[in-house]
1. Please compute the contact order of the range 91-155 in relative form: average sequence separation of alpha-carbon pairs under 8 Å and at least six residues apart, divided by the residue count, as a percent.
2. Which log10 I(q)/I(0) values does the range 91-155 give at q = 0.13, 0.19, 0.27, 0.29 Å⁻¹ under the Debye formula, counting every alpha carbon as one identical point scatterer?
3. Can you put Thr172, Thr360, Thr210 in order, fewest other beta carbons within 10 Å first?
4. The range 227-376: percent of C-alpha pairs farther apart than 23 Å?
5. Of Lys248/Lys311; Lys202/Lys248; Lys311/Lys376, which sit over 18 Å apart, Cα to Cα?
6. Just add up the charged neighbours of Glu77: K/R +1, D/E -1, any other residue whose Cβ is under 10 Å from the Cβ of Glu77.
Amino acid sequence: MVKHRESRPGQKAAGGLGAKPRRDMPGKPPAKPAHASRLAKPSRDHGERVNEQRDAATASAAPERPLIVRCGERPTERVPVILESLGAGDFHLIDSGNGLKLEQYGPYRIVRPEAQALWPPSLASHVWDNADAIFTGDTDEDGMGRWRFPREALGETWPLQLLGVDFLGRFTAFRHVGVFPEQIVHWAWMKEQVEAAKRPLKVLNLFGYTGVASLVAAAAGAEVTHVDASKKAIGWARENQALGRMEKLPIRWICEDAMKFILREERRGNKYDIILTDPPKFGRGPNGEVWHLFEHLPLMLDICREILSPKALGLVLTAYSIRASFYSIHELMRETMRGAGGVVESGELVIREAGLDGRTPSRALSTSLFSRWVPK
């Protein structure tokens, strides 16, 4: 269901990667880890994204490239927009409260920390006590911990499905499970665009994490380029591809720093019809390079605009764990897309509780901020 309504500060990044917006406005609590390669974790659960991802993928030692001065009118706006999911495939949010959330992932009920669940739980304590897995440890999105299995020991991975794509859930040390289900609203939108297009589409998935979005796009008929700085995340993505017997789909798996990759694509003149980008808040690369969202996001979006095709269908940005209003990224997106026409719609991604049966709507849990440019 889709409804229209809406870390730690890092050190200054090395190498002058671009303009530095200063919009440290109060906003949502930490939600996603900074993996530059999409090891995300947010309230949404981007945390783990495997911390390494953020760290590796975030390291951008790209040569300095100035922002382009944009002219023309800013795109029209749609705000606030709330993109809401009641769950999909093998996932739904059962209940939340007291800083925790109870989720259904296939056969397992899982309890994880959730800073934004300020209210008391709706369901009785015995329902929560019956969980198959509980994450214990550091409650910070970037903090490590361990899983406790109250009933019986479970394997590290188990099969799941979203939007017709098979992949592996995984118990990680950062409380994440290999997928961020609130993103289903973006993936469903992308799937519709690809299936409705009367031409082949090229999709770029930056900070692609475990590849679920890339598999959804490729299964719909797109030619996909998946970029993540974490070798581990790329390995998980390939496992997911093999699980679904999707090895023949046109996906390029690229393990590289996202900024370096898009700068090279810009120089080569390569273009994409849809770009998904889910950068971390902060990360450090293998050679000591540093990514800081507020320092480097303007340049990243600027380059993304340059590699959009003339008939592009969308540029999607999701942001977790940042102290900001959605208006911060909304106005940045509108400035970036000056003169391109279209619409910028921004707000929040939320997941609505669905109860034990997965079909009983209740409270909405905010997971992240987003901004999306579309041509109309």
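1. Working: 116 pairs, mean separation 16.1, N = 65.
Dividing the mean separation by the residue count of the range 91-155 yields 25 percent.
2. Values, matching the q order: -0.33, -0.72, -1.30, -1.37.
3. Values: Thr172 23, Thr360 14, Thr210 34.
So the residues, fewest neighbours to most, are Thr360, Thr172, Thr210.
4. Details: 5446 of 11175 pairs.
For the range 227-376, the fraction of Cα-Cα distances above 23 Å is 49 percent.
5. Values: Lys248/Lys311 27 Å; Lys202/Lys248 16 Å; Lys311/Lys376 11 Å.
Distance filter (> 18 Å) returns Lys248/Lys311.
6. Working: positive: Arg74, Arg78, Arg334; negative: Glu331, Glu345.
Net of charged neighbours comes to +1.
No lab work stands behind these numbers, since they all come straight from the coordinates. As the structure is a computational prediction, the values presented were derived from the model and not from experiment. Every residue, glycine among them, receives a Cβ derived from its backbone with ideal geometry; neighbour counts consider all protein chains shown.
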